[in-house]
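To keep things clear, I will list the structure first and then write my remarks on it.
The values are calculated or read from the model by the stated rules, or taken from the named source; none is laboratory data. Remember, predicted model here, so these are calculated numbers, not experimental data. Positions of Cβ are backbone-derived with ideal geometry, glycine not excepted, and every protein chain shown enters the neighbour counts.
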Amino acid sequence: MTSYKVLICDFDGTLADTRASVAICVRRTLEELCGASAALGDGEIEAVLARGATLRGTFEQFIGQLVSGQSVTVDACVARYRQHYAAEGLRWTTLFPGVRASLAYARSVGVKLAIVSNKGEAALQAALKHFDLSGYFDLVLGEQPDLPPKPAPDLFEQRILPFFASANRAEMLFVGDTSADLLFARNCGIDACWVTYGHGKPDACRALKPRYEIETFQALEGCFPARSQRKTSPPSIITDWPVM
């Protein structure tokens, strides 16, 4: 197994369980602006989360699906959602087990850490501060107004590669939970690790042949250099797919 020097993480569904917070804020936004909450099933919200859609993409789909003859804009929905999320979204958000300890371990063995998320920058920074995770990361990138979101590789080429100039692509690993995350890694030419506990649909994610598949975030420690006093080896729950 490769020992990586840079770990790039998604946030929603990878580091934190945000299912409830996103669903509640989406429903409240649509109810207030569209009167459409009752027509939106849990499965429809989950399907959008599974694709790793942006916030704008989420409301573009729901407005087209639920709203007819109303002058409701995507911009209005995004703004109202962000008001709700900023006010109370973190009430329903939790870190997945082992995240903090594994990030600390990665730092202790010299691994550089970054976050790349389609989440709004302000919401992402607020979540990291809330969970006291900001200090673990060398680079944090939420939604960038001048660059397309994942799975487009622009953010990687223009922000990440210059920042981690001493590392090459073979020394970088992206960990995420959706097909958009795995496509992002493929488009960037770096290895991908799929976390099975997040939002992604198993068939769609496995079809993209990520290099690794893990059931817990702690399993990533097998991809890092080992401290002399804490030898680590690849856990059995990591699936090392053949490189395509």
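For every residue, the table says whether it meets (1) surrounded by 17 or more Cβ atoms within 10 Å (Cβ to Cβ); (2) touching a His at 6+ places or on another chain (Cβ under 9 Å); (3) within 17 Å of ILE115 (Cβ to Cβ); (4) small (Gly, Ala, Ser).
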{"residue": "ASP154", "(1), (2), (3), (4)": "no, no, yes, no"}
{"residue": "GLN158", "(1), (2), (3), (4)": "no, no, yes, no"}
{"residue": "LEU173", "(1), (2), (3), (4)": "yes, no, yes, no"}
{"residue": "ALA180", "(1), (2), (3), (4)": "yes, no, yes, yes"}
{"residue": "ILE190", "(1), (2), (3), (4)": "yes, no, yes, no"}
{"residue": "GLY200", "(1), (2), (3), (4)": "yes, no, no, yes"}
{"residue": "ALA204", "(1), (2), (3), (4)": "no, no, no, yes"}
{"residue": "GLU213", "(1), (2), (3), (4)": "yes, no, no, no"}
{"residue": "GLU221", "(1), (2), (3), (4)": "yes, no, no, no"}
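Pairing each residue of the stretch 138-153 that is outside the structural domain of ASP12 (by TED's automatic domain parsing) with any residue that is part of a strand (DSSP E or B), provided the two are 6+ apart or on different chains, yields no C-beta distance under 8 Å. Of all residue pairs spaced 6 or more apart or on separate chains, those with beta-carbon atoms under 7 Å, a first member in the stretch 1-22 that is touching a residue at least 24 places away in the same chain (Cβ under 8 Å) and a second member that is outside any strand (DSSP E or B) and among the basic types (Lys, Arg) are PHE11/LYS119; ASP12/LYS119. The residues on offer are ARG27, ARG19, and the sole one that is buried (at least 16 other Cβ atoms within 10 Å of the Cβ), within 30 Å of PHE224 (Cα to Cα) and at pLDDT 80 or above is ARG19. In the set (1) in contact with a Pro (Cβ under 8 Å, 6 or more places away or on another chain); (2) of a type in the set (D, E, K, R); (3) on the phi > 0 side of the Ramachandran plot, the condition left unmet by ASP132 is number (1).
For ARG56, state whether it is among the charged types (D, E, K, R), within 22 Å of ARG19 (Cβ to Cβ) and modelled with pLDDT of 85 or more. Spelling it out, ARG56 is indeed among the charged types (D, E, K, R), within 22 Å of ARG19 (Cβ to Cβ) and modelled with pLDDT of 85 or more. Mind listing whichever residues of the stretch 67-108 are modelled with pLDDT of 95 or more, assigned to a loop (DSSP other than H, G, I, E, B) and β-branched (Val, Ile, Thr)? Of everything in the stretch 67-108, just one residue is modelled with pLDDT of 95 or more, assigned to a loop (DSSP other than H, G, I, E, B) and β-branched (Val, Ile, Thr), namely THR93.
One residue alone among PHE163, PHE224, PHE217 is at pLDDT below 95 and not β-branched (Val, Ile, Thr), and that residue is PHE224. Would you call LEU124 farther than 23 Å from ARG56 by Cα, in contact (Cβ under 8 Å) with a residue 40 or more places away in the chain and not aromatic (Phe, Trp, Tyr)? Criteria not met by LEU124.
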